[in-house]
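Just below is one structure, and these are the notes that go with it.
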Amino acid sequence: MDSIEKYNIEKIHFTTNQSIQLHKLNPDVIPQLMLEAFDAGIVTIGGGGDHPRNVLCSPLSGVEKGEIFDVFHYARAVSEFLVNLIGQVKLPRKLKVGFSNSPKNIVHATYRDMGFIAKPNGKFDLYTAGGLGVNPEFGIKTAEDIEPNDVLYYVMAMVQIFMKYGNYENRAKARTRYIPKTIGEEKYLEEFNRILSEIKSAEDLKLDIKLAENNKKSDNTVAKKSRNIIEQKQQGLYAVKYHPALGNPSFDVMKDLYDVISEIEGAEIRLSTKEEMFIINLTGDEANKVIDILCPDNANTELQESVSCVGATICQQGLSDSSGLLHKIIEVDKEEHYKDGILPKLCISGYQSSCAAHQTASLGFKGGKKKVDGVLMDAFDIFFNGSELQGDERFGDIIGTIPADKIPEMFRVIGKEVQAKDLTFAEWIKSNRERFLEIVKEYAI
Ligand code: SF4
C-alpha cells in the first residue's frame, strides 16, 4: 500500500489467479516498484512468460470448516521450489499448479497443468495435463495417495516430462494438455512414472512439513451475521470476504483496511481465484471492524460476486470488454432493485483464455467479435450448466451468441420473470430451463 500511494497508482485489480495487478503504470516506475515488491517478499517473476506461475491454493486452507486438510504449506513449498527453477530450466509454456483442500475445487485443481487434491486419508491425488482456454481438458488422474511431504518429486517429474514432450515450436499447442494427445495417454502415464522413479532414486526432494495449530485465540466476541463473514473451523474466529465489484478495490478502502489489519495480531490476507480477498484469523469484534471498512464497495448479492476478467480495455489478448459488460448488468440489477439471488453469479471472460473460467461456470460468457449485417460487433458466447466441483466437473454447453449491447437487457427480462415468481434464479431455472433457453434465443444472433 505504501508503494501504491507513493506512485499514485490509479487502478488495483484482484485477479482470478490469486494475485494483485496494478494497472495504468507509468513505465518509469516499474523497475523500482518491482524492487520494492521484492523487498516486501513479493516475487513478480512468476507472473508472466513461459515460467511456472504462482502456485494456487484454496484461499481458506487451514481455517475452513469442513476442509479435508490444510494444504497451504505444501503449496508454499512448491511455489518456492518452482520459483527457484526459473532461469535453470526452459519450459515450452507456462505451468500452472494448484492445491485443493476440499471438493469445492475453487482452484480448479482437477483441471490445471498439475493439481493436488487433499484426501480424507491425509494424502493427495494428483491430476495433470488439464487446463481451460482453447481446447480445454480435464486433468488425467496421474497418481494416488501421495505422501504430502513427497510432492516435490511429482512436481519435478512434471517439469521434466513437460521439457521432454512439450511443443517448443508451436505456442498454440505447447501447454501440458497437448502432451497426452500427442503421445497417447498410456505412454504419457508410463513416462511420468518412469521419470518419477528416476528422480526418486537420484534426488532428495523430501519435505519436512508438520502441520501446526493456529496460534490465534478467540476472545469470545461474536461477529455479526453477514454474507461476507465466515466462521472459521477454529471456534470463535472468523474470516471476512472482500469482493469489490469487477475485482477492483477502491484505494481508500484498501488503505483503511491496511491500517486496521496491520494492528491485528495474527490477521492474514488470502487472495482468492474469484477476484476477491479474505482477511482471516479475526475475533468477532475484529471481524465487525473489518466488515464495516469494506462495506462501501463489498459485494452483497450473488450477481455482485460475479467474476469478469479485466478484458479488452486493459488486456492485449482481450477481444471484448468483459468487465464493462458486468458493470452494465449490475447497473440493470440496481435500476430494477432486484433482491439478492434474482440475477445469478456470472463468469465473463474477454476472450478464449478463460481467465474467468466461463466453461465451468453455471452461467459463463466468452467474448469475441461477430459480423452482423456487415458490421463487426462485440458478442459473447453463453456457456450454460458447467460445474467446477470436484467429481462433478463439466464444461457448460454453448447455448447462443449474443451481441454485448443486448445482454444487459436480456438480464432485465430474465430478472422480471424470476421476480414475478418470487423465486431466486437458482430456484427458477430448475423448472424453467426451456423458457430460459427461449429467452436466450430471442437475443441470440
Ligand atoms: S481478455 Fe482473455 S487473456 Fe485477457 S484477461 Fe480476459 S480471458 Fe484473460
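Each reported figure results from applying straightforward, stated rules to the coordinates on display, with no laboratory input. The structure presented is a predicted model; accordingly, all values stated were derived computationally and were not measured. Reconstructed Cβ throughout: ideal geometry from the backbone, glycine too, with neighbour counts over all protein chains shown.
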Taking Cα pairs closer than 8 Å and at least 6 residues apart, the relative contact order of region 303-443 in percent is 21 percent
With region 276-418 reduced to its Cα atoms and the Debye formula applied, log10 I(q)/I(0) at q = 0.11, 0.18 1/Å amounts to -0.47, -1.07
Listed by chain and number, the lysines with an alpha carbon less than 17 angstrom from that of Lys430, same-chain partners under 8 positions apart left out, are Lys345, Lys416, Lys421
With +1 at each Lys and Arg Cβ and -1 at each Asp and Glu Cβ, the charge dipole magnitude of region 54-183 around its Cα centre, to the nearest 20 debye, comes out at 640 debye
Per its Cα gyration tensor (rounded if a/c is under 1.5, else prolate when a/b beats b/c, else oblate), region 329-390 is best filed as oblate
quick shape note, the chain: Cα extents on principal axes in Å, largest first -> 66, 57, 50
For Lys371, the lysines lying under 25 Å Cα to Cα, once residues fewer than eight places off in the same chain are dropped, come out as Lys328, Lys406, Lys441
With 0.36 nm assigned to each residue of separation and the Cα-Cα distance removed, Glu265 to Glu147 gains 39.2 nm
Taking 0.36 nm per residue of separation between Asp285 and Ala426 and subtracting their Cα-Cα distance, the length gained on full extension comes to 47.4 nm
Note to self: C-alpha centroids of region 247-306 and region 115-132 sit apart, in Å, by 29 Å
Taking Cα pairs closer than 8 Å and at least 6 residues apart, the relative contact order of region 229-297 in percent is 42 percent
Low-density loop chymotrypsin sites (Phe, Trp or Tyr not before Pro), region 121-217, at most 16 other Cβ within 10 Å, DSSP non-H/G/I/E/B, are Tyr168
By the C-alpha gyration tensor axes a ≥ b ≥ c (rounded if a/c is under 1.5, else prolate when a/b exceeds b/c, else oblate), the shape of region 380-445 is oblate
So, with points 7 Å from each Cα along the Cβ direction, the Leu389-Asp204 label distance in nm works out to 4.5 nm
Subtracting the Cα-Cα distance of Met34 and Arg433 from 0.36 nm times their residue separation yields 138.7 nm
Rounded to two decimals, the Debye log10 I(q)/I(0) of region 229-297 (Cα scatterers, no solvent) at q = 0.11, 0.16, 0.17, 0.28 Å⁻¹ is -0.23, -0.48, -0.55, -1.41
